Amino acid sequence: MDFSIRAANLDDCKDIARMIMELAEYEKVSDHVKVTQKDLEQDGFSKNPFFHGIIAEVPEQHKTKEGHTKIGYALYFYSYSSFVGRAIYMEDLYVMPEFRGKGVGKALISKVAQLGLAAGSHQLNFTVLDWNKPSVDFYLSQGCFDITTTMGYHCMRCEGEALKHLAQL
């Protein structure tokens, strides 16, 4: 199948927002999505972006029945490991269902890995839901490993009122 991978730009925010909702619906957490197209525009395409993105796109002749040519995305940001130094964190990797199994996901994660290596990163980090066996199997097939199993780490979060409380001196 013919598709291309490129850096996301401001004009892609509408499609990224659409695909974020599709991903959230797939993960059964759509009620948790608070980010808007405007948030994406401000947070990803300002002078000091909080994230970067890449887009998978097909030519017009392969567009979806809804007319979409942007069929996948990955969001990532640079981070730092106190153990190994520079790292890259992939927040999302999503491919529309009808385009899965065609190399799009592999191309997206490969591009994130390339960008990380070019920036001097020593590791690529991301999370995946434990029930999402197709994704877990895909990542394992790419040489990734589950640090929850091998190192015992748990992904922790603090948000909302708890975050405000934590921030108080």
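Taking only complete DSSP H runs, can you tell me which helices of the chain stretch 15 Å or more along their own long axis by Cα positions and average at least 0.5 on the Kyte-Doolittle scale?
Result, helices passing both filters: 104-118.
What does the highest-first list of 90-96, 29-35 look like by mean Cβ count within 10 Å?
90-96, 29-35
Give Lys70/Lys106; Lys34/Lys63; Lys28/Lys70; Lys14/Lys70 a once-over and call out the pairs whose C-alpha atoms are over 18 Å from each other.
Too far apart for the 18 Å limit: Lys34/Lys63; Lys28/Lys70.
Count the net charge of all other residues whose Cβ sits under 15 Å from the Cβ of Lys65, scoring Lys and Arg as +1 and Asp and Glu as -1. Walk me through the numbers before you get to the answer.
Details: positive: Arg18, Lys63, Lys70; negative: Glu22, Glu60, Glu66, Glu98.
Net of charged neighbours comes to -1.
Coordinate-derived values only; no laboratory data. Bear in mind that the values here come from a model prediction, so they are computed numbers and not experimental data. Every residue, glycine as well, gets a Cβ built from its backbone with ideal geometry; the counts of neighbours run over all protein chains shown.
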